[in-house]
1. Kindly establish whether Leu383 is farther than 16 Å from Leu318 by Cα and over 17 Å from the mean Cα position of the chain (by Cα).
2. Could you look through segment 404-427, keep only residues that are part of a loop (DSSP other than H, G, I, E, B) and modelled with pLDDT of 95 or more, and pick out the one that is farthest from the chain's Cα centre (by Cα)?
3. Considering each of Gly370, Gly391 in turn, give the residue that is assigned by TED's automatic domain parsing to the domain that holds Met278, at pLDDT 95 or above, under 20 Å from Ala287 (Cβ atoms) and buried (at least 17 other Cβ atoms within 10 Å of the Cβ).
4. Pick out the one residue from Tyr160, Tyr131 that is out of contact with any helix residue (DSSP H, G or I) (no Cβ under 9 Å at 6 or more places or on another chain) and farther than 28 Å from Met421 by Cα.
5. Please find, among Ala255, Ala238, Ala261, the residue that is within 17 Å of Lys280 (Cβ to Cβ) and not hydroxyl-bearing (Ser, Thr, Tyr).
6. Which one is farthest from Ala287 (Cα to Cα), of the residues in segment 241-250 that are among the hydrophobic types (A, V, I, L, M, F, W, C) and surrounded by fewer than 21 Cβ atoms within 10 Å (Cβ to Cβ)?
7. So, Leu363, is that one in contact with a strand residue (DSSP E or B) (Cβ under 9 Å, 6 or more places away or on another chain) and not aromatic (Phe, Trp, Tyr) or not?
8. Could you check, for segment 128-148, whether at least one of its residues is more than 30 Å from Ile400 (Cβ to Cβ) and outside any helix (DSSP H, G or I)?
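The values are calculated or read from the model by the stated rules, or taken from the named source; none is laboratory data. These numbers come from a predicted model, not from an experiment. FYI the Cβ positions are ideal-geometry reconstructions off the backbone, even for glycines, and counts take in every protein chain you see.
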Amino acid sequence: MKTNSRIIILDNLQQAKGELASLTRAKSEIQRLNSTQPDFPPSLLKGAGGIDLIARRSIHRGLKLEGVNDVDANILQHEMRLIGGEAVIGKNVTGNDSDSDIIIMGTLNQFDLLVEKLKIHPNLSMPTSEYRQQFITSIQTALHSFDNPVEWTLECRGRYLTFGKRTLIMGVLNVTPDSFSDGGLYADADIAVKRAQEMVAQGADIIDVGGESSRPGSDPVSIDEELQRVLPVIKRIAQELDVLISIDTYKSTVAAHALKAGAHIVNDISGLNFDPNMAKLAADTGAPVVLMHIQGTPKNMQIAPQYRELISEIILYLRNSIEHAETAGVSPEKIIIDPGIGFGKTMEHNLEIIRRLKEFRCLGKPILIGTSRKSFIGKILDLPAEERIEGTIATVVSSIINGADIVRIHDVKQVQRAVKMVDAIYR
């Protein structure tokens, strides 16, 4: 190799396709100018189809499948190895009717071949064809979503949000006397609406109105009290501002009145788990929902939170919430997920979630993340909530790079500038 040769690592599907397309154009031009040049592979010269095929042969992925029947785990391992990939399962797997975890590794093309084999394999123990298809679809969704950010337009009760073009900003408006960061500042409706106006002017796409603090150790408030706090503000924002409104509540009664007053989205910190009527409400009204993970309740969530497998457990919780919502009739395109930074998490948990945020793409939903001014930032920087803007910006930028579609923030003016810059680089 010449000393001036250059090496470029292709670490994602889009980059591989881009380099292949560039190579194809360059090689085509050489062939045109030099008829003695050996023929370039015809499949590449056919355009995107050939480029996609070769790109999928170059990108390697690993999947961990949890709770797979032992019989199926052995079949998956055998079939993946036959096509040149690799699979590792627990050493105690016996082939009996029990479950185990399996890690499958291969190129995207090998995963394509595996999927085709699974569609017709006669010995899989999956009870129904529908179950088999769900299993296959989950593999395809995980692989596709990892390399392809969510791109669709979300209908929000007559308004629209577009994902994939830029990061969306949700401005926090707590109309509570006791929120951890801005408690009491916006309890007056006039002041709250003025703050909403400021955030819209600064670039907020959504105003998230909350009437009950969910800070660690907080107690719930009554439905009547929560409604008295949020309804006057939501009504005025809906009348006076051109912006989407989300209601931050886990109570279906509060959500119903808020939607009637002009809200568009339900932001539920429990992922539809605290109120059995919330999923049906969302389905009946057609309101999009944000499903967040929480361990415990706001009262007890920060009392020694523990996980065996942090990301796996959060994904399982969110997957169950998604299934609950869709079973109730919520459209799959109207679900947003939130891993719940600070809700039953230690500082180390929060940092790991940000580092591994892209793994949540396996659920195939837009990702919202709320790191703004939170205590783990204060712990690292030794700063009070009102001085955590720089720390918040760092977590927001990292989250966007790792897959966030919406960021929930207090300091819209400052953070919006960072968001716009990181979007210019990465989107």
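1. On the way: farther than 16 Å from Leu318 by Cα: yes; over 17 Å from the mean Cα position of the chain (by Cα): yes.
Yes, satisfied.
2. Checking each candidate, the answer is Asp411.
3. Working: Gly391 fails: under 20 Å from Ala287 (Cβ atoms).
Unique residue meeting the criteria: Gly370.
4. Values: Tyr160 fails: farther than 28 Å from Met421 by Cα.
Among Tyr160, Tyr131, only Tyr131 is out of contact with any helix residue (DSSP H, G or I) (no Cβ under 9 Å at 6 or more places or on another chain) and farther than 28 Å from Met421 by Cα.
5. Values: Ala238 fails: within 17 Å of Lys280 (Cβ to Cβ); Ala261 fails: within 17 Å of Lys280 (Cβ to Cβ).
Exactly one residue qualifies, and that residue is Ala255.
6. Taking segment 241-250 as the starting set, the residues that turn out to be among the hydrophobic types (A, V, I, L, M, F, W, C) are 241, 243-245, 247.
Imposing the further condition that a residue be surrounded by fewer than 21 Cβ atoms within 10 Å (Cβ to Cβ) reduces the set to 241, 243.
Working: Leu241: 19, Val243: 15 Å.
Checked segment 241-250; the qualifying residue farthest from Ala287 (Cα to Cα) is Leu241.
7. Values: in contact with a strand residue (DSSP E or B) (Cβ under 9 Å, 6 or more places away or on another chain): yes; not aromatic (Phe, Trp, Tyr): yes.
For Leu363, the condition - in contact with a strand residue (DSSP E or B) (Cβ under 9 Å, 6 or more places away or on another chain) and not aromatic (Phe, Trp, Tyr) - is met.
8. Narrowing segment 128-148 to residues more than 30 Å from Ile400 (Cβ to Cβ): 128-136.
Now restrict to residues that are outside any helix (DSSP H, G or I): 128.
Checked against the condition, which is being more than 30 Å from Ile400 (Cβ to Cβ) and outside any helix (DSSP H, G or I), segment 128-148 yields at least one hit.
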